[in-house]
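The values are calculated or read from the model by the stated rules, or taken from the named source; none is laboratory data. Just so we're clear, the structure is a prediction, and the values are computed from it rather than from any experiment. Ideal geometry is used to build each Cβ from the backbone, glycine not excepted, and the neighbour counts take in all protein chains shown.
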Amino acid sequence: MRNPTISPNILDVVGQTPLIALSRLTAGCRSRVFAKLESANPGLSVKDRPALQLLRDAERQGRLKPGMTVIERTSGNMGTGLALACLHLGYKLVVLMSAGNSVERRQIIQALGGKVILVPQVNGTPGQVTGDDLKAVERETIRLMNEMGAYRADQFHNPSCVRAHERGTGREIWRQCRGRVDAFVSVAGSAGTFVGVSRYLKRHNPKVKCYAVEPTNAALLSGRRKKPGRHRLQGVGYMEIPPLWEPELADGFISVGDREATTMARLLARKEGILAGYTTGANVAAALRLARSSKRPINVVTIITDSGLKYLSTDLYPDSATSL
């Protein structure tokens, strides 16, 4: 019998993340906001779950075999999750990233043994990856995949990503809240988290309202923007409909701008002690807006998508230390 206090390896602790009540940020509000701490995963993000799920599914299906190389385009978090999984499952990993993503993301992947190839930005500003930048990464990913005969994780099309959050994240949220969930709020980058969690919650209670969060300058899903705009939220808002997107699951859309997302990420750290990134700032800002606008007390759940440690090279947490 396995000792319940000792995990055989790091993959064994992916998932079962805490759900935190944001009591300080909701002070004076009748509604409550709960944050699923996905940064508590070993790879520090929500992408650890689908990374492990899609590799195990591919093995079972015979599409991923010993000796093969795994390849993927990523903004960083999926790359980290894949690096952890490939390390323990015995595969080489090559990830392609836009040079516009924060440097910590590629450093973490490399530290875990993954090979990172940076694709120059098309017309972008560092820290603001556009749809055109993503297309450039996609072209290079396809070229290398064919050249190497590698297995592509393909997070934007792979149904395993939805399955991971439906069976894992959504189930955990429901149990942790004991079924008392009124609303779920989350960004939809590849859409795996939003679709998977929403599916589970609505299956158990069709009255649960699910709201997709979008950058104000790239609100394509809601139809508010037709042309791409720059924003700081990494991993989302590339001005293309995610192939995994299921529009019938969205009861509404909440757009959040860079300033609001940045301010909220900093408040989250200062008030709740949760260090997170721009995208999490947008999630929490949207969840608080929904909670405060409700005419009756409701329970709102959102996602802490990744750790603020991945943004220390950006201006999200400026260094204000003074010397003696």
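Counting only helices (runs of 4 or more DSSP H) wholly contained in region 118-199, the ones carrying 2 or more residues that are touching a residue at least 40 places away in the same chain (Cβ under 8 Å) and under 28 Å from G15 (Cα atoms) occupy 159-164, 170-176.
Given the structure, is A269 over 27 Å from V208 (Cα atoms), of a type in the set (G, A, S) and modelled with pLDDT of 80 or more? Criteria met by A269. Within region 201-219, restricting attention to residues that are at pLDDT 85 or above and farther than 15 Å from D251 by Cα, which residue is surrounded by the fewest Cβ atoms within 10 Å (Cβ to Cβ)? Among residues in region 201-219 that are at pLDDT 85 or above and farther than 15 Å from D251 by Cα, the one surrounded by the fewest Cβ atoms within 10 Å (Cβ to Cβ) is H204.
For region 1-114, the helices (runs of 4 or more DSSP H) that sit wholly inside it and include 1 or more residues that are of a type in the set (G, A, S) and crowded, with 24+ Cβ neighbours inside 10 Å are 48-60, 77-89.
Do we have A250 as out of contact with any Phe, Trp or Tyr (no Cβ under 6 Å at 6 or more places or on another chain) and either among the β-branched types (V, I, T) or buried (at least 17 other Cβ atoms within 10 Å of the Cβ) (or both) here?
yes
For region 123-135, state whether one or more residues are modelled with pLDDT under 95 and among the aliphatic types (A, V, I, L, M). Scanning region 123-135 turns up at least one residue that is modelled with pLDDT under 95 and among the aliphatic types (A, V, I, L, M). Reported count of residues in region 272-299, each being farther than 22 Å from M78 by Cβ and either over 18 Å from the mean Cα position of the chain (by Cα) or assigned to a loop (DSSP other than H, G, I, E, B) (or both), is 14.
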